[in-house]
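See structure below.
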Amino acid sequence: MSEMATPHHARWYREPTSTYWWLGRWSYFVFILREVSSVFVAWTVVFLLKLVNSVAHGDGWYQAFLRWSAQPWVVILNIVTLFFVVFHAVTWFNLAPKAMVVTMGGRRVPGALIAGSNYAAWAVISALIAWGLLGG
Amino acid sequence: MADRITLQVARYRPEEESAPTFQEYEVPCHKDWVVLDALNHVKDRIDGTLSFRWSCRMGVCGSCGMSVNGEPKLTCATFLTDYAPGPVRVEPLRNFPVIRDLIVDLGDFMRKLVSVKPWLVRKEEKPLAEGEYRQTPDELEAFKPFSMCINCMLCYAACPIYGLDPKFVGPAALALAQRYNLDSRDQGSKERMEALSTHEGVWGCTFVGECTTVCPKNVDPAGAIQRYKLDAALDWVKNVVMPWGGR
Amino acid sequence: MSSTRSNEPLAWLLFSAGGVMAALVLPVLVLLLGVAVPLGWIAPPSFERLVWLIHNPLVRLALLAIFSLSLLHWAHRFRYTLYDGLQVKHLTEVINLVCYGGALLGSVLALYLLFVVL
């Protein structure tokens, strides 16, 4: 039977994207983990705000905060948080050079150097904060 | 090493079925064969109805992109023996509508490519008497990687954002826009911003990075996009802080 | 100009600034205050030490920047995760409100704690 070719291609097959697309490849899963790390960034801010709040209300509140933060569920949550904020930092420093093309003397600074200086800054700032909190 | 290997090839015959099925073919497994050679063997000797695109068979035309064991690959650049003992699953490129068997429709990309104005835009052409446009090697290097794109669409197949939102302009088109934005002869950045600095343009990209991983020509579309985000954001700041500044 | 153009670059800049802050500052803070002190590996900073630190206006400004930008970083990234991971694009307005609104609320709270209560 003769059929005219139509401009509408109703017979094309389109595979719908599954809600679980991010489980399909390891790289997709790692990507989603990286994105989820932002939730733990937010939790860290909440945790630190609780600390600031406790300090603002006197030593009694501060001691209560210390006791609260030593509870098992808080410690476990913070261990997971530590993993995720470190994961965030590492992926961030490794990817940042992609967005910034720094040229010196006409030639592009290699990405590894930019990432390296990020890590160096990370080490210095961490040391400063640790000294600020614990030193003296 | 086995001298035969099984291909599991996706078939889709719209006149007969409403969804793809798989058909198995057993082919010789020569050590210098690529997947494309195996497909051509099937078409020549076993089943002439199998449809697929190919042309240069040397990785420069971008025609033979397909999904091999779930990974977007140029079948002319993918050795069969890498998959021994098999089976090797060959499917059409993901995220595109399938017309037939292993052939997908690329019309969406073609329209998007035009929308980013992939040509040199000049406010004023230089008169012939002034001679040619000259570029230093560094100026060439600034955009050359992005010019290596062969439009093979592996990046679109790998990009989960494109899979979720077909309105996303996509890696190759954005990288090709950058090829022109970063060309010292071009003056069209502002014109391109309409298409690029939108939610369907660069802002839809969440830097998964798979596009760069699968690109067979080292174009690095992910890098192109992140650089554009920074440029567009700084331009936005400039417009807010100094709105009177013209270009 | 479409509203997406007018807002997205700003959101991305804040997200990026927040990402840098969070990356540089949060890991050591979580390690020390979230894990090492509660587990008894090190002694907690004394109350006096913290009071001394926090009454420094530079420290307070830095903390405000860190808290606020980190929250905005979360807002932007989480919004996209909801779009892409869960494909809930049809809830765009609600998601934007919850994410950016939440981040702004948190920032205001931080401002209040750091500069009013203290």
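The values are calculated or read from the model by the stated rules, or taken from the named source; none is laboratory data. All values reported here derive from a predicted model rather than from experimental measurement. No Cβ is skipped: glycine too gets one built from the backbone with ideal geometry, and neighbour counts run over all protein chains shown. The area values use the complete protein model at the heavy-atom level, side chains included, leaving out ligands, DNA and RNA. Shrake-Rupley method; radii C 1.70, N 1.55, O 1.52, S 1.80 Å.
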(message) Relative contact order of chain B, please, whole-number percent, based on alpha carbon pairs below 8 angstrom and at least 6 residues apart.
(response) 17 percent
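Name the helices (complete DSSP H segments) of chain B with a Cα length along the long axis of 24 Å or more and a Kyte-Doolittle mean of at least -0.5, or state none.
Numbers: long enough: B:221-241 (30 Å, 0.07).
The answer, listed by residue number, is B:221-241.
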(message) Quick one: 3J(HN,Hα) in Hz for segment B:9-20, Karplus 6.51/-1.76/1.60 with θ = phi - 60°, rounded, Gly and Pro as x.
(response) 9, 6, 10, 9, 10, x, 6, 10, 9, 9, 8, x
(request) Mind listing the long-range amide H neighbours of B:Val88? Cut-off is under 5 Å, sequence gap 5 or more, other chains count too, H placed in the peptide plane at 1.01 Å from N. (result) B:Thr6, B:Leu7, B:Gln8
(request) Normalise the Debye intensity by I(0) for the protein assembly as shown, one equal point scatterer per Cα, no solvent, then take log10 at q = 0.06, 0.12, 0.14 Å⁻¹ and round to two decimals. (result) -0.37, -1.14, -1.35
(request) Compute the distance in nm between two label points, each set 7 Å from the Cα along the Cα-to-Cβ direction, one at A:Ala120 and one at C:Leu64. (result) 3.2 nm
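What percent do you get for the relative contact order of chain A when only Cα pairs under 8 Å and 6+ apart count? Don't skip to the end; give the middle numbers.
On the way: 48 pairs, mean separation 24.2, N = 136.
For chain A, the relative contact order is 18 percent.
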(request) Using the structure shown, list the pairs from B:Lys167/B:Lys229; B:Lys43/B:Lys73; B:Lys144/B:Lys190; B:Lys123/B:Lys167; B:Lys112/B:Lys190 with a Cα-Cα distance above 23 Å, or answer none. (result) B:Lys123/B:Lys167
(request) Largest first and to the nearest Å, give the Cα extent of segment C:42-96 along each principal axis. (result) 51, 27, 13
(request) Largest first and to the nearest Å, give the Cα extent of segment B:4-104 along each principal axis. (result) 37, 28, 24
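Hydropathy at least 0.0 by Kyte-Doolittle, axial extent at least 20 angstrom from the Cα trace: which helices of chain C, defined as entire DSSP H runs, fit? Walk me through the numbers on the way to the answer.
Working: long enough: C:3-29 (38 Å, 1.03); C:57-86 (42 Å, 0.76).
For chain C, where a helix must reach 20 Å along its axis and average at least 0.0, the hits are C:3-29, C:57-86.
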(request) Between B:Gln23 and B:Arg134, take the C-beta separation as r, use R0 = 41 Å, and let me know the FRET efficiency to the nearest 0.05. (result) 0.15
(request) Calculate, axis by axis, the spread of Cα positions in segment C:1-81 along the three principal axes, and write the results as whole Å, longest axis first. (result) 55, 29, 15
(request) Give the share of C-alpha pairs in each 5 angstrom bin for chain A, from 0 to the last occupied bin, in whole percents, shortest bins first. (result) 2, 7, 9, 12, 14, 12, 10, 8, 7, 5, 4, 3, 2, 2, 1, 1, 1, 0, 0
(request) Jot down the radius of gyration and Dmax of chain B, Cα atoms only, both in angstrom. (result) 21.3, 71
(message) At 4 °C and a viscosity of 1.567 mPa s, what translational diffusion coefficient does Stokes-Einstein give for segment B:90-131, taking Rh as the Kirkwood radius over Cα pairs? Give it in µm²/s as a whole number.
(response) 95 µm²/s
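Rg to Rh for segment B:107-241: what is it, with Cα atoms only and Rh by Kirkwood? The partial results should precede the final answer.
Working: Rg = 15.2 Å, Rh = 15.4 Å.
The Rg/Rh ratio comes out at 0.98.
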(request) Return the tail of the calculated pair distribution for segment B:60-182, meaning the percent of Cα-Cα pairs more than 20 Å apart. (result) 54 percent
(message) I need the calculated FRET efficiency for the pair C:Leu53 and A:Met100, taking r as the beta carbon distance and R₀ as 25 Å, to the nearest 0.05.
(response) 0.15
(request) State the percentage of accessible surface on segment B:4-104 attributable to carbon and sulfur atoms; use a 1.4 Å probe and exclude ligands, DNA and RNA. (result) 46 percent
